[in-house]
Amino acid sequence: MKSYFLLVFFFFSILQGFTQTGPGGVGNSTNNGLWLKANDFTQNNNTAVSTWVDASGNGNNAVQVTANKQPLFFNTSNLNAMPIVRLDGSNDEMQVGDAAILDGTSGITYYTVLRPNNLNNQPRGIIGKRISYNVSADYSYTWFFHTSNRLFLDINDAGQRFNTAGAFSNATNYMLSFDFDGTLASGSRSGIRSTSVDLIRATESSTTITNSNIALTIGALNTNYSNYLGADYAELIQYNYALNQVERIIVENYLSAKYNISLASNNYYDQDNSGNGNYDFDVAGIGRLSASLIHNNSQGSGIVGISSPNNLGDNEFLFWGHNNEALSSFNETDLPATIEGRLQRDWSVTETGEVGTVTLTIDLSMVFGSKDANDLRLLIDADGIYSAGATLLGPPTLLSGNTFEWTGVDLNNNDHFTIGSLDTNQTPLPIMLEFFKGNVTTDKAKVLLDWKTSAEINNAGFYIEKSNDGKNFKTLEFLDGLGTSSVGKTYRYFDSYNQNEVAYRLKQVDFNGQFTYSKIIFLDEESQNIKTPFQFYPNPTSGAITLLPKTNQVYNVQIIESSGRHFLELEIKTLDEIELSLNHFISKTSNGTKTFYVRFFNEYETFTLPLFLMNK
C-alpha cells in the first residue's frame, strides 16, 4: 500500500458562520468570558505554568509571575488521562486581571473540573474575586471548600454565604458549577451544582454582581490568602449570564465526555463510552426542552458546526464528538467507491428523538493548494466502516473563504461521519513518505530514527518531536528537506534514550509555513529491554487479551492507535488477572493485522508496548 504523508484536509480555524463557539457549543466571546483548558498547553510535562491562555476569545489569561507560586503542568492525569494544571496547596495561585465580562452583571455561571488533594476543613478557594473577608467593596464572589469539606459560595459579600449539605473528598474527580440569576425570586437566585445535580438553591438579596476592579484569583479565596487549594485543575469556564436548562445539559455532556465524569441525569451523549470507541473530544450539541428552551446552533471547540434542525421537538438532542485522530492524516484502505482518500478523524453522533435534517458546516482553511468543492464529500456510515454502505453527500456549497456547507443532512443515532475527496491530486502532496521507524541502540544510550521520502514538493524540512504518551509532544530538532525533488531522500536522527519518552513523530513543514504530521511510532519492549509492570497475552490476538499485573501499584491502562487515538482506558488496582474483550476494536479494522499499543502509566512512569490485532 502506498504510504502518503498528506496534508489534504487540515482543519484549524474557527468557523465564521457559527456564533456558538463556547464550551460544548454554548456561548461565544460576547458572553463566555473565561475558558481555561489544560489540554491547550504545548509546554513540556512537569514544568511550571506562568501563563494559562484563555480560549474564550477575550484574552483573560491566568498569570503567575512569581516562580515559587507557579503551578505545574502535567500532560496526563487521573481525569480521563487529560492534561491538568496542578496547584500544590502550599502557595500556588494564578490571577486573571479584572475585566468587565467577569462581573457587574445580572447573572453569572461558572464550571470547573478538578480533583482536590488537600481538603481538611480549612478554607480552600477554587476562585475568588475580592480583597478580603472584611472588605465588602470590590467583592464580587468567592467559591471555596470549608467547614466539614463542604462547598461554600459568597455573592457580593459574606452576609448571605451558603453551603452544600454534603462533603467533598480528596482524590476524587468533580465537575462543579455555581450560578446567580438576579431576575429570579430572591429565595432561589444562587445555586451550586455537582455534575448534573442541583445541590442547593439559596437566597440572595442582590440583583446584580458587584462591578469589582480586583483580579480573579485561582486557587485561593483572594490573592495572597493564608490557605490555598491543592488540586488538579483541568478546566475552568465562566459565562456572564445564568445558563438556561438546555444550555447546562449541553455543557455538562461536553465536560462529562471529555473527563469521564458520569452524569446523574440528562446524560444524552454516549459515544464517549469505551464500547462506542471513546469519542471524547470536542463534543458539542443542539437540543430543545420546550418552545422557550431551544439551542439549535453549535460548534464548540471543534471544527464542525451543526445548525437548523428541521424537526427539533421537546426533549430532543443531537450530540457529536470525534476520536482525536490527526486532522492531517488520510486513510487509504477504508474507502467507498469513487473516494480516493478520507480524513482519519471520525465523528460519532448520539441522537435523542428525531431532530430531522440539519445543516453541517466545516472550515478547510489550512488545506494545501486549491480546494475544489466539487471534489468534497461528506461520508456518513452507521458503524464507521466507510468502505461498505457509506452514504456520500455533496458536493457542498462554498460559503466564503474556506468554509463549506452541506444542507439537508440526516444524522441518526450512532452514525459516524467524516470528509472524503474524489481527487486528492486537487491538493498538492508535500512529500511521499516510504517509512518512518525507530529503534534503541544496543547500548541503550540512543534512539535511532530513520525515514525515507520517495518524492518531495516544497518541503522545507522536518521537526522531530517526541512524547511520553503519544498525545503531547516536544520538539527536538529541525532537519532541512530537499525542497522539490522527484528522487527523495533517506533521513537519520539520533536522540538520547529515555525509557519514559517512547513516542516519536515528524512535523513536515512547507516553505509557506503550512505543515502536516506523520504517524506516531512507539518504541517496543524488545528494543528497550525494559521490565514492565504488566504482562499481557496472547499477542497477536483476534478476540481478547489477559492483563497480568506484576506489581500492586495503581496503574492506568490505555489501548491506543499509532495516531494517538484512545480506544479504551481503565484503572487497575488489583493483582488479579483481568480479561479485556477487543472485539469492538478488531471489527473496526480491515482484514489482516493492525498495530495498536498498550500503555501503562501512573504519575511516576510510563510503559508503551505494541499489540497486534488480527481481523480475519
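The values are calculated or read from the model by the stated rules, or taken from the named source; none is laboratory data. Predicted, not measured: the structure shown is a model, and the values here were computed from it. Cβ atoms come from the backbone with ideal geometry, glycine included; neighbour counts cover every protein chain shown.
Structure values in brief
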{"item": "Filter result for Thr195 (surrounded by fewer than 23 Cβ atoms within 10 Å (Cβ to Cβ), touching an Asp or Glu at 6+ places or on another chain (Cβ under 9 Å) and of a type in the set (Val, Ile, Thr))", "result": "yes"}
{"item": "Any chance Asn253 is surrounded by fewer than 19 Cβ atoms within 10 Å (Cβ to Cβ) and in contact with a Leu (Cβ under 9 Å, 6 or more places away or on another chain)", "result": "no"}
{"item": "Candidates Tyr174, Tyr254 - the one that is under 22 Å from Pro83 (Cβ atoms) and in the same structural domain as Asn91 (by TED's automatic domain parsing)", "result": "Tyr174"}
{"item": "Filter result for the condition that a residue is more than 20 Å from Ile127 (Cα to Cα), modelled with pLDDT of 50 or more and out of contact with any Leu (no Cβ under 6 Å at 6 or more places or on another chain), over Val53, Val8, Val26, Val63", "result": "Val26"}
{"item": "Val487 vs. criteria of a type in the set (A, V, I, L, M) and either modelled with pLDDT of 85 or more or within 29 Å of Pro83 (Cα to Cα) (or both)", "result": "no"}
{"item": "Filter result (over 14 Å from Ala231 (Cα atoms) and under 28 Å from the mean Cα position of the chain (by Cα)) within the stretch 154-179", "result": "Ser177, Phe178, Asp179"}
